[in-house]
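Only one structure is covered here, and it is reproduced in the block below.
Please treat every number below as a calculation from the coordinates, not as lab data. Note that the structure is predicted; figures quoted are calculated from it, not measured. Glycine gets a Cβ as well: all are built from the backbone with ideal geometry, and neighbour counts include every protein chain shown.
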Amino acid sequence: MKRKQIYTGLWASLLLLAPAVTSTTSAHATDIQTGQQSVATSQLSASQSTSSQVASDQLVESSRQSQGTSSCSQVAEVPAKTAQTTNNQPVKSAAKAVLNQDYQGAMARGAQQLTTSQDTEVWAALARISSGAQLTTAQKATFHQVFAEELTGMAGHYSATNLERLTIGIAAIGEDPTQFNGVNLIAEIIKKAATAGITGQVYGIIALSTQDYGSQANQTINQLIDLVLKQQNTAGGWAFFGSVSDLDITGMTMSALGMHRDQPKVQSALDRAVALLKTTGFVKATGGFLIPGGFSTEENSNSTAMAILGLAAAGVNPATTFVGDNGATPITNLIAYQKADGQFRWMMGSDDGALSMSTEQAVYALGQYDYLLKGKGSIYNFKKVVPEPDPEPKPDPKPAPDPKPSIPGKKPAGESSASSSSEVDLDKTLPKQPGYKEDGMPLTGTTATQDALPQTGHQSVWGSVLAGLFMLLGVAGYQTRRLKQR
């Protein structure tokens, strides 16, 4: 009878223990399943992110290749598109296909021609440098000698435009115009530019903007900008004399004002000049520019180059803003003037005129266009950017504690509810070294994923089992004492 009572008590204790063990085991299984689902979800998300990044990179690379192809020529691309949409217009397709858009090739050939011909003009130096060509030490020395001889030949009788032109060349080869061959060209320009004509004022703005020459130079720049803005005519352009807009002067003025678009009224003046070129200057049939005047009644490369220079300096893309018949643009028009040897003609189909000047202007106009596409600003800006020194690293007086593993459903202290998650934080729970947990202990599971899951389920099971055993022993002892008392 006594043994029966003891057994009865033990079985009763087991029955009391079973729900707790079952509940704990079920909860642990749920934790594992939830953790595995979180791992799978995280892995899938990472895979999708990687695929998306690869696709994005391929799209960017494809876009770059496409742009590179289209910038070289339309011969390969345009006929294919036209054949799909306008099969009944083969003649128009052929005309569109011959337009050359390889401005970089034309620019490089022109710069090389200036080098081969040993052109030592200021504008040749500007053209070669703006094209991306690197001058050798010997070439810089040659330019220095030519500029010094020209300055000496003035014998102290300096005109504003001569000083400004030399300043641009001196700054272009990396020398200091404030102390060149014993002369401070900047100080002389400050004295003379305001009383010079439109060209002296325009190139005064450019020359004084090639470097940072101090507060007095900046005040003169502002003064010259005000004078130039007042000379803009009602049509939106500028003239060398009279009231009719001149393409060359308008383009030059736009290139100067384009360096100071942050100044009041400058942007609105540039907008009016762009509108003039659109409505009056652009020739849709050829893609070039022409405003008949006292200097020329025909299209020529010099005027088109100066219009391209001004537009690009003002931040306007001439190849997309001005598109004429069969896709002709100012860029394709200018390239059409180039000869096989790299020179640019002044008039289409003729070798008459100063081809060296035409080549210089065409090359640095294309250089400014290239600067626009690359976001490099003005070709006249030779300011040296001095990088700031890296700050010395400061030691951290209180190292941050090691992050604790994230527990499912538990929000870290101080974290808002918006950033909390019930999923496993794999970045914190996965071991940093293969085969080991963050606490340095070897992994015990079959996979890193399983060992990375929180171990609270195992701890709860064994805790419940131990509690049950103590309960069994207690019940057994209690029943034994009762039987002895009887």
Revision key, fill the gap. By the C-alpha gyration tensor axes a ≥ b ≥ c (rounded if a/c is under 1.5, else prolate when a/b exceeds b/c, else oblate), the shape of segment 97-247 is oblate
Point to revise | Added length on full extension, which subtracts the Cα-Cα distance from 0.36 nm per residue, D226 to D325 | key: 31.8 nm
Study note, to complete from the structure: XL table K278/K376; K192/K230; K230/K265; K278/K383; Cα-Cα > 22 Å flagged, in table order, is K278/K376; K278/K383
Exercise for review: Report the normalised scattering of segment 96-185 as log10 I(q)/I(0) at q = 0.12, 0.18, 0.20, 0.25 Å⁻¹, calculated by the Debye formula with identical scatterers on the alpha carbons.
Suggested key: -0.42, -0.78, -0.91, -1.25
Review point. In whole Hz, what ³J(HN,Hα) sequence does segment 135-151 give by Karplus (6.51, -1.76, 1.60; θ = phi - 60°), x for Gly and Pro?
Key: 7, 6, 4, 5, 5, 5, 5, 5, 4, 4, 5, 5, 5, 5, 5, 5, 5
Review point. Volume per residue, Å³, of the convex hull around the alpha-carbon atoms of segment 181-320?
Key: 122 Å³
Practice item. Would you mind computing Rg(Cα) / (2.2 N^0.38 Å) for segment 272-369, counting N as its residues? Key: 0.99
Check your understanding: Roughly how many Å is it from the Cα centre of segment 257-333 to that of segment 176-248, as a whole number?
Key -> 21 Å
Revision key, fill the gap. Counting sequence-distant residues (5 or more places) and residues on other chains, those with an amide H built under 5 Å from that of F180 are L185
Exercise for review: Consider a paramagnetic label point 7 Å from the Cα of K191 along Cα→Cβ; state which residues of segment 147-163 have an amide N under 13 Å from it.
Suggested key: 155-160, 163
Review point. Which residues does a label at D176 reach in segment 192-223, if reach means a backbone N under 18 Å from a point 7 Å past the Cα toward the Cβ?
Key: 208-218
Revision key, fill the gap. Long-range amide H partners of F344, meaning residues 5 or more apart or on another chain whose placed amide H is closer than 5 Å, are K339, T359
